[in-house]
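The values are calculated or read from the model by the stated rules, or taken from the named source; none is laboratory data. Fair warning: this is a prediction, and the values are worked out from it, not measured in the lab. So basically every Cβ, Gly included, is an ideal-geometry build from the backbone, and we count neighbours across all protein chains shown. These accessible areas exclude ligands, DNA and RNA; they are computed on the full protein's heavy atoms, side chains included. Shrake-Rupley method; radii C 1.70, N 1.55, O 1.52, S 1.80 Å.
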Amino acid sequence: MSDKPNWSRRTLAAQAMGSHDATTGAIVPPIHVATTYLRDPDNEYRSGFIYGRPDNQTVREAEAVVAMLEDAEAALLLSSGMSAATSVFLALAPGDHIIAPEVMYWGLRKWLQTDGVHWGLSVSFVDMSDLKATRAAIRPGKTRLIWAETPSNPTWSISDIAALAEIARQAGARLAVDSTVATPVFSRPLTLGADIVMHAATKALNGHSDVIAGALATARKDEFWARIETNRRMLGCILGPFEAYLLMRGMRTLDLRVRAASATAFDLAQRFANHPDVSEVLYPGLESHPGHAIAARQMKGGFGHMLSIRVRGGEAAAIDSAARIRLWKRATSLGGVESLIEHRASIEGPGSPCPPDLLRLSAGIEDADDLYADLDRALRQAHGG
Ligand SMILES: *Cc1c(COP(=O)(O)O)cnc(C)c1O
């Protein structure tokens, strides 16, 4: 029997996996900023470090935390969520076919439709909560990747990771999951059969709205992963050491922040579901949500910090309500300690599946009663109350 304690993710993340400075004993490791490293007299690089673009010790320390959180064999940190996702797509070959969800992070959908196609990928967008539709979109021998996002922006539709992994396996394809909104606190796609998990670490992983970063974690270090590593090295999109340091600091409190924000999101979802000026609340924690049963199975301990409300008075009333808030911050993005509200259709532009009366809410860690009161007042005022 191993005498290695079976410490939880929360414990390991709080101490950044025990990383410290060996020289001074400092319990917060230093930020390694060097771009180049001394070569040994016999021309070797025994430290394993040669140059700052392929690798960095501060980045490695943060990657170890991400890999631990995701039960992954390895993780990579990149300069943004977009660079993480596109590094996966660019590891495919021109001519390869991808299946992606109709409802997904709009920036990535746009990239796939334009640059992804320009680069030679063909992409089928399907309703990924519909397994039959997803299976029907497989092109035998051509489909190399299923890209899922769950819960997915901005309706928080849920896709069944284990079932998608099986569809991908039968087709000889890989499954990659954008798990930004679920976070590793509630869902670990690799344990459900996914091959790769991606995070906009800009969001909940960092959690303080002060770092742009992306993370990838893999079930196994195979040749596909090696191509992703090559992309990061050759396209030069490794995360900077200062950002990696901040991200590691953010991840120390990930569990606390995400559980608090998720409890608030659930509370707000239940209260706004009975609000006279709200026609619908979209939140996977509600039994009325079409993905609730699957979410309850594959998300353990919470349904996430993101919800959307549809405003009864339509688009103008939605925009007017957002204009009247005082406590929520009217801004894009998500996953920070401060709660954000956004009229999402204005950001996504034409061709977006986002309903025009939808307000997207990112719950932070403020008092839930304060958040409810502020938005309740704004909604009532916008509806002439
Ligand atoms: C923000 C976001 C991205 C893109 O991340 P960036 O760090 O802004 O590049 C991708 N997917 C989801 C779900 C996101 O919320």
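Structure values in brief
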| item | result |
| --- | --- |
| Cα Rg, Dmax, the stretch 255-382, angstrom units | 13.7, 39 |
| Rounded percent of accessible protein surface that carbon and sulfur make up, the chain, 1.4 Å probe | 53 percent |
| Amide proton proximity set for LEU307, modelled H, under 5 Å, gap of 5+ | LEU361, ALA363 |
| Cα centroid separation, the stretch 152-197 to the stretch 219-260 (Å) | 18 Å |
| C-alpha center-to-center spacing [the stretch 17-88, the stretch 330-383] in angstrom | 36 Å |
| Accessible area in square angstrom per residue, the stretch 255-382, 1.4 angstrom probe | 41 Å² |
| Packing-based ranking, highest mean first, of 68-78, 106-116 given that Cβ atoms within 10 Å are counted | 68-78, 106-116 |
| Semi-axis lengths, Å, the stretch 268-329, gyration tensor of Cα atoms, sqrt of 5 times eigenvalues | 25, 13, 9 |
| Quarter of the Cα convex hull surface for the stretch 178-236, i.e. its orientation-mean projected area (nm²) | 4.5 nm² |
| Distance cut-off 31 Å, percentage of C-alpha pairs in the chain lying past it | 38 percent |
| For HIS199, net neighbour charge (Lys/Arg +1, Asp/Glu -1) across residues whose Cβ lies under 10 Å away | -1 |
| 222 nm mean residue ellipticity, helices alone, for the chain (DSSP H n ≥ 4; -39,500 (n - 2.57); rounded to 500) | -10500 deg cm²/dmol |
| Formal net charge of residues neighbouring LEU327 (Cβ-Cβ distance under 14 Å; K, R +1; D, E -1) | -2 |
| Partner aspartates and glutamates for LYS132 [C-alpha distance under 16 Å; skip if fewer than 8 residues away on the same chain] | GLU102, ASP160, GLU166 |
| Entries of LYS110/LYS142; LYS110/LYS300; LYS221/LYS300; LYS4/LYS300; LYS142/LYS203; LYS4/LYS221 with Cα pairs more than 29 Å apart | LYS110/LYS300; LYS142/LYS203 |
| Solvent-accessible surface (1.4 angstrom probe) belonging to HIS208, in square angstrom, nearest 10 | 80 Å² |
| Peptide ranges 52-61, 376-385, 185-194, 249-258 listed from the most packed, as the mean C-beta count within 10 angstrom indicates | 185-194, 249-258, 52-61, 376-385 |
| Per residue, in Å², the accessible surface of the stretch 90-182 once ligands and nucleic acids are set aside, probe 1.4 Å | 37 Å² |
| Loop-located trypsin sites (Lys or Arg not before Pro) in the stretch 111-189 whose Cβ has at most 15 other Cβ within 10 Å (DSSP) | LYS142 |
| Protection-proxy order for peptides 148-156, 367-375, 282-290, 33-41, each taking the mean of Cβ atoms within 10 Å per residue, highest first | 148-156, 282-290, 367-375, 33-41 |
